[in-house]
Amino acid sequence: MSGRRSSGSLEGNTSLALSENMEYDNLFRDSEALSQYISKGINYVTEVAVDLEEVDEKEKVQRMDDSLRNMIDIENKLSAQKEVLERIKIRTNNGRKFDDVVEVYDQECEKAVKDYSQVSEEEKYLKNENYEDFRQKIWEVKHPNEPMPSLNQNDDDDIVVGHQKDSLTCPITTLPLENPVTSDLCKHSFSKEAILSLMRQNGNVVPCPIPGCEKQIMEHNLKENKRLERKVALENKKKKKSNKMDDIEYTNIDD
Ligand SMILES: [Zn+2]
């Protein structure tokens, strides 16, 4: 009888743990759905803003800019909540018991929101890919062939190729970067195809090709780097221009 009771309570614990896990999974799923909703909203706001810029509705474009910043705030808040959840889930899985898990969650979320409110405008928005993309698309309406001035004062902080900052050369191909991707483990950047083919040869994980780095990179660690892509495109444009100039000079000499 006592044996049965203890096995019963064991089962009880297991099903409690399971139901907590399901609860987490539901929360994660909800927050995933919200994130997708927000990201659709961001695309929509960007499209509308481009249309408005085309008809010179400056004030309305500014309102779209404000909406986008709000959405980015929500997105960041969501991902902070998700991180809090993940941390609590890990602790629960490690056997930690909380008297009031909701209170712990609330407190940690509150702290995350407070931390976020102290982040600078530049960190919040100007370094946000979606925001940069938004500004880029609006810029292109009126300046189709002109590079957009950098939104950030320290634009190059997160572009590191090898030990050489700012290099636009892929360390694998030693050619200009093509479809640049950046490892989120070490911020080293490569041409997408080059690193992926190394990875395929290696069984889907590859030590970072930068000497001395040795981070184990997998496909999900590689993030498209639009900012770097624009830099490469700009550099190529400049090169083409200077080649043309050289041609003209040669022509002149020939004459
Ligand atoms: Zn690396």
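The values are calculated or read from the model by the stated rules, or taken from the named source; none is laboratory data. Source: prediction; values computed, not measured. Neighbour counts run over all protein chains shown; Cβ positions are idealised from the backbone, glycine included.
Checking region 151-165 against the condition returns a match, with at least one residue being assigned to a loop (DSSP other than H, G, I, E, B) and at pLDDT 75 or above. Which count do you get for residues in region 103-114 that are under 21 Å from Ile74 (Cβ atoms) and free of Cβ contacts under 8 Å to residues at least 12 places away in the same chain? Result for region 103-114: 5.
Results for (1) within 30 Å of Met148 (Cα to Cα); (2) at pLDDT below 90, shown as yes or no for each residue.
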{"residue": "Ile172", "(1), (2)": "yes, no"}
{"residue": "Asp184", "(1), (2)": "yes, yes"}
{"residue": "Lys192", "(1), (2)": "yes, no"}
{"residue": "Leu196", "(1), (2)": "no, no"}
{"residue": "Cys208", "(1), (2)": "no, no"}
{"residue": "Asn221", "(1), (2)": "yes, no"}
{"residue": "Lys226", "(1), (2)": "yes, yes"}
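One residue stands out among those in region 181-213 that are of a type in the set (Gly, Ala, Ser) and farther than 16 Å from Thr169 by Cα: the one that is nearest to the ligand (Cβ to nearest atom), which is Gly212.
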